[in-house]
Structure formats: structure tokens, C-alpha cells
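The structure appears right after this line, and notes come after that.
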Amino acid sequence: NGPAVLEHDGLQRSYHIHAPHDRPGQAPLVVVLHGYGGSGDSMRTRYGWVELANREGFAVCFPDGTIDGRGRPFWNVGYDQHLDSQVDDTGFLVALVDHLQERHGLDPERTFATGLSNGGDMSIQLSARASEHFAAIGPVVGTMMESLYRDCDPSIPRPMIAFNGTDDRITRFDGDIENADGWGPYRSMPEVVTLWSEILGTTEIETIRLPDRAPYDGSVVEFARHHGADHGRELHFYKVIGGGHDWPGAHGNMDIKATELIWAFFASVCDP
């Protein structure tokens, strides 16, 4: 099936939607965002979301970013090469989920966003700037640009599950505040995690080393659960020690399956 189209801000924006016919009424919706230079179709075919949606009875959408001056699809999160861009991807994705909820009878209270790299950055931006529309987020090798980090005041603090590799050469675990790589300054993952833990008001942290189920992959996973607040919102952080710019379970680290962990986290948010 080819992509569907939604007009927003005078642009024809494309997306793929998979809504299982036997899904329950008011089913959840997961939005899966591609990385820089990627596509919604690549996210649809590579990471097991369609199969999981069929099994668990939720709808999943794979939107496409617009094309930048280098000819690559992107999400506008404030990279240096996009500072002149007027594309409002936050507005587009809010309009898209509103459209899909109405057209397919999906639950506005159980709408979530996840993404890879630039798509992970975008999911964090959605939680910071459109938190009334997304119940939780699940960035994979995403981060926060300095501009968002300094202006992060969500109207509703939302739970987060995140995955980052300590040897990632693209989304650097220690950040790039000096902008050595040219994307623009961004914070380290410990700083990002601390910021969201403070936003969520989580007071307790439990950290465990997960079993090394795939010793051949050259990495191990440390899992930190931030919890303890009365509202029950949590932050789960998977630090892949020795991991790179990968989606765990699909490539890179094979000790965990990020897709299934993200969905289980999303499901628990609305059914604690």
C-alpha cells in the first residue's frame, strides 16, 4: 500500500497507517518516527511494529518528514542545517494524530510517540511541547538540542522510556555541547535523563545490569528505573554499554528488544 496524505501548513504530508481490522474500539495509537534521511516505510518494515500491532490490537503510524536542502527527509528539531526551516513538525504530528483518532476511532488518551535518532529527538520535542496529545514517549538513540533543553516546560509531565549507546558516534552519549559534529549543541544523556526525572518528580532510582543474553554483540545493558512519585509516572532508561547508533533487538545490542519494551511501557502507562 502506498502512503496516505494529510495537508498541513500548505504542505502535502505523507504517512503510512496500519490499523488492524480486529482491533478493539478506541484502540491505542503509536506514532513511529524515522531517523534523518530515513522514511516512514523503512520504520514500517524493519522494527516489528506491524506484527506487534496485529498481536496486541493497536494502530501504528509511520509518518514522513519533509525534504531538507541536502535532499534528505528530516524532523525539524533545531539542527544547525535546519535553522532557517519554517516546517512545524510538532504542529503536523499533532494534526496527524487528531486526524487518525477521528478517522479510525483511536483513543486520544492512549496515543504515543517513539522514534529513531532524529525521530527520537522529535518524540522528546513532542513530549516537551505537545504533551497534552501524547501519553508517553519512547526515544531510541535520541537526545535534546540545547535550545529545547533550556526551554523544556511540558504542560503535562509524561512518562518516558529511552535507549542510548555509550559508544554511539552520531548521538554522542556525552553530548556535543561544543558542536564539534556540526548538528548544533546538544546535552549528554545523563543530563537529559536527570532533567526528565526532575520534571516527572521521580525520587527513587533502581539500577540493574541486565543478563548478557547475546555476548557476541559486544555490549551489555544497564537498566535504570526512575519512580517513586505519587502520580506513578516513571522514566525507564536503558544504557547500552558498548552500544552504538542502533535500535536494540533489530541491530547492535541483542540482549533486549526495544520495540517490545516500548510497547509494554506504553501499555502500562494507561493500565498501571
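Averaging the sequence gap over all C-alpha pairs within less than 8 Å and six or more residues apart, then dividing by the number of residues, gives the chain a relative contact order of 15 percent. In terms of its alpha-carbon gyration tensor, region 1-123 comes out prolate; a/c meets the 1.5 threshold, and the first ratio a/b outweighs b/c. Taking a ≥ b ≥ c as the square roots of the Cα gyration tensor eigenvalues, region 31-98 comes out oblate, since a/c reaches at least 1.5 and a/b does not exceed b/c.
Is the shape of the chain rounded, prolate or oblate, going by the alpha carbon gyration tensor and its root eigenvalues a ≥ b ≥ c, with a/c under 1.5 for rounded and a/b larger than b/c for prolate? Cα axes put the chain in the rounded bin. Remark on Leu33: its backbone amide H falls under 5 Å from those of Thr114, Gly115, Leu116, a criterion applied only to residues 5 or more positions apart or on other chains, H modelled at 1.01 Å from N.
No value in this document is a laboratory result; all are computed from the given coordinates. None of these values were measured; they are calculated from a predicted model.
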